[in-house]
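Peer 1: One structure, pasted below without further comment.
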């Protein structure tokens, strides 16, 4: 119910307006990615998963060699995806910045595994580039203003 006009919205049952379609698509993409990473985290904690090859993360500063370390890393990445999606759906300015930063980091993380997994790296680059471009063009929706203001008194 709107506080000023005392009218309810016909769009949803809760009375709140739904986010635009592009916002929902971006957020659902992040929700799916986070859910898949979370599922992979639980799979790595079981004895079903075979030990993977060692690879570098955190801009090459850390080498992951065990399934447990990979599971902890993926749990952190899943949490980042889910937090980004949640914040974008609620139009938080910090979520815009966090998603841009996280997407850039995730692209550099994918670049470190490029020689071993070329197809997955190409897909990751494409998705992150599209997400960053979308965030750039929708920055006004989140109240992000880059550069100097042109309004002077």
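Peer 1: So if I check each of 94, 136, which one is part of a helix (DSSP H, G or I), closer than 18 Å to residue 31 by Cα, over 12 Å from the mean Cα position of the chain (by Cα) and without any contact (Cβ under 8 Å) to a residue 60 or more places away in the chain? Break it down stepwise before answering.
Peer 2: Details: 136 fails: closer than 18 Å to residue 31 by Cα.
Testing whether each residue is part of a helix (DSSP H, G or I), closer than 18 Å to residue 31 by Cα, over 12 Å from the mean Cα position of the chain (by Cα) and without any contact (Cβ under 8 Å) to a residue 60 or more places away in the chain leaves just 94.
Peer 1: For the range 54-71, which residues satisfy the criterion of being in contact (Cβ under 8 Å) with a residue 12 or more places away in the chain, part of a helix (DSSP H, G or I) and surrounded by 14 or more Cβ atoms within 10 Å (Cβ to Cβ)?
Peer 2: If the condition is that a residue be in contact (Cβ under 8 Å) with a residue 12 or more places away in the chain, part of a helix (DSSP H, G or I) and surrounded by 14 or more Cβ atoms within 10 Å (Cβ to Cβ), then 67, 70, 71 are the ones that fit.
Peer 1: Which members of the range 64-82 meet the condition of being more than 16 Å from residue 36 (Cβ to Cβ) and in contact with a helix residue (DSSP H, G or I) (Cβ under 9 Å, 6 or more places away or on another chain)?
Peer 2: Answer for the range 64-82, where residues must be more than 16 Å from residue 36 (Cβ to Cβ) and in contact with a helix residue (DSSP H, G or I) (Cβ under 9 Å, 6 or more places away or on another chain): 64, 67, 68, 72.
Peer 1: Might you let me know whether the range 39-53 holds any residue that is loosely packed, with under 15 Cβ neighbours inside 10 Å, under 21 Å from the mean Cα position of the chain (by Cα) and under 30 Å from residue 91 (Cβ atoms)?
Peer 2: Scanning the range 39-53 turns up at least one residue that is loosely packed, with under 15 Cβ neighbours inside 10 Å, under 21 Å from the mean Cα position of the chain (by Cα) and under 30 Å from residue 91 (Cβ atoms).
Each reported figure results from applying straightforward, stated rules to the coordinates on display, with no laboratory input. Keep in mind the model is a prediction, meaning the values are calculated, not measured. When we count neighbours, we look across all protein chains shown, and the Cβ atoms used for this are built from the backbone with ideal geometry, even at glycine.
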